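The values are calculated or read from the model by the stated rules, or taken from the named source; none is laboratory data. Because the structure is predicted, anything quoted here is derived from the model rather than measured. Neighbour counts run over all protein chains shown; Cβ positions are idealised from the backbone, glycine included.
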Amino acid sequence: EEKKEASIPKTPLVPGTDTAAHPLVELTHVEKHFGALHVLKDINLTVNKGEVLVVVGPSGSGKSTMCRTINRLETIDSGDIRIDGKTLPQEGRELANLRAEVGMVFQSFNLFANKTILENVTLAPIKVRHMDKTDAERLAMDLLARVGVDSQAAKMPSQLSGGQQQRVAIARALAMKPKVMLFDEPTSALDPEMVNEVLDVMVELAHEGMTMICVTHEMGFARKAADRIVFMADGRILEQSTPDEFFEHPKTERAKDFLSKIL
Ligand code: ADP
Ligand code: MG
């Protein structure tokens with residue numbers, strides 16, 4: 001593992017160099033129902049540039065739904081969601097552009113099964129960012145090297161392990177040069193021995209200053225990488241605190257109960 005780190009080229013993954021804090025993701029009074037089910041209740045959340053948020057909470061508390069509203073994979077009933085100051089449009093080219101600023105990695109490996117690893121990473125930069133094919137391939141190989149799977153570039157997704165596929169999914173998202181990365185339980189479908197190879201990439205991204213929202217039950221990752229823990233239950237954000245505060249001194253009974261079950 002040390003050798004892998006030493007060989008990582010030092011191309012910056014994170015666009016922009018200014019470090020002044022500014023809100024990249026802002027949710028204000030967000031409400032969402034699925035029919036009669038009230039899944040997001042007055043969600044207010046600000047994520048500043050370079051911040052790493054870890055979202056935790058019991059199953060069914062609305063964590064995935066909140067992530068999905070941030071790039072409009074789900075609509076909201078009311079409230080406001082802004083990405084880098086711009087309200088998410090309902091549809092059209094403007095939505096596609098804003099969506100491209102939010103990279104997303106899901107629990108299940110959703111690579112395009114009929115495309116090579118390299119094509120998986122170059123597709124969106126060519127189609128959405130209108131990048132030249134040669135440039136897109138150079139960028140893709142650089143990113144695949146960063147996540148340690150450049151030797152797999154010519155293979156099909158099914159030929160890779162789950163951990164390798166998730167690392168490709170991260171490289172694919174990064175190829176769009178997103179301003180923020182969303183991770184929704186990216187390791188929960190992996191065999192245990194592959195979890196760390198994905199978390200290591202996420203920790204490195206965090207250390208490089210990527211703005212990240214991560215839903216995960218990996219508390220080791222949360223302690224190592226999170227600037228802030230957001231605890232959700234029943235569609236509400238009940239606590240927002242530093243990892244130390246949250247793990248040592250949870251404020252609510254719900255959080256105490258949650259922690260007693262997972263730690
Ligand atoms: P979490 O990610 O915290 O486990 P989710 O956001 O997936 O929670 O789900 C929150 C609630 O919304 C759950 O009760 C879930 O069953 C429900 N839900 C999620 N997606 C849908 C959907 N597309 N249609 C109806 N109900 C949904
Ligand atoms: Mg979920």
* Tell me, which residue of the range 57-81 that is basic (Lys, Arg) and not in a loop (DSSP other than H, G, I, E, B) is farthest from ligand 1 (Cβ to nearest atom)? -> ARG68
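Residue-wise test of (1) among the basic types (Lys, Arg); (2) surrounded by fewer than 19 Cβ atoms within 10 Å (Cβ to Cβ); (3) modelled with pLDDT of 95 or more.
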{"site": "VAL30", "(1), (2), (3)": "no, no, yes"}
{"site": "ALA36", "(1), (2), (3)": "no, yes, yes"}
{"site": "LEU45", "(1), (2), (3)": "no, no, yes"}
{"site": "VAL54", "(1), (2), (3)": "no, no, yes"}
{"site": "GLY57", "(1), (2), (3)": "no, no, yes"}
{"site": "CYS67", "(1), (2), (3)": "no, no, yes"}
{"site": "GLU74", "(1), (2), (3)": "no, yes, no"}
* Might you check whether a residue that is part of a helix (DSSP H, G or I), at pLDDT below 95 and in contact with a Phe, Trp or Tyr (Cβ under 9 Å, 6 or more places away or on another chain) occurs anywhere in the range 223-246? => yes
* Could you tell me whether any residue of the range 148-161 is under 28 Å from SER64 (Cα atoms) and within 16 Å of ligand 2 (Cβ to nearest atom)? => no
* Asked: Which of (1) away from ligand 1 (no atom under 16 Å from the Cβ); (2) farther than 26 Å from VAL198 by Cβ; (3) out of contact with any Lys or Arg (no Cβ under 9 Å at 6 or more places or on another chain) is the odd one out, the single condition LEU37 does not satisfy?
  -> (1)
* Long-range neighbours under 6 Å by Cβ, at least six apart or interchain, first residue more than 11 Å from MET202 (Cβ to Cβ) within the range 214-232, second assigned to a loop (DSSP other than H, G, I, E, B) and within 11 Å of ligand 1 (Cβ to nearest atom) -> VAL215/GLU185; PHE231/GLY57; MET232/GLY57; MET232/SER61; MET232/GLY62
* Structure fact -> Being in contact (Cβ under 8 Å) with a residue 40 or more places away in the chain and either outside any loop (DSSP other than H, G, I, E, B) or not acidic (Asp, Glu) (or both) narrows GLY163, GLY103 down to just GLY103
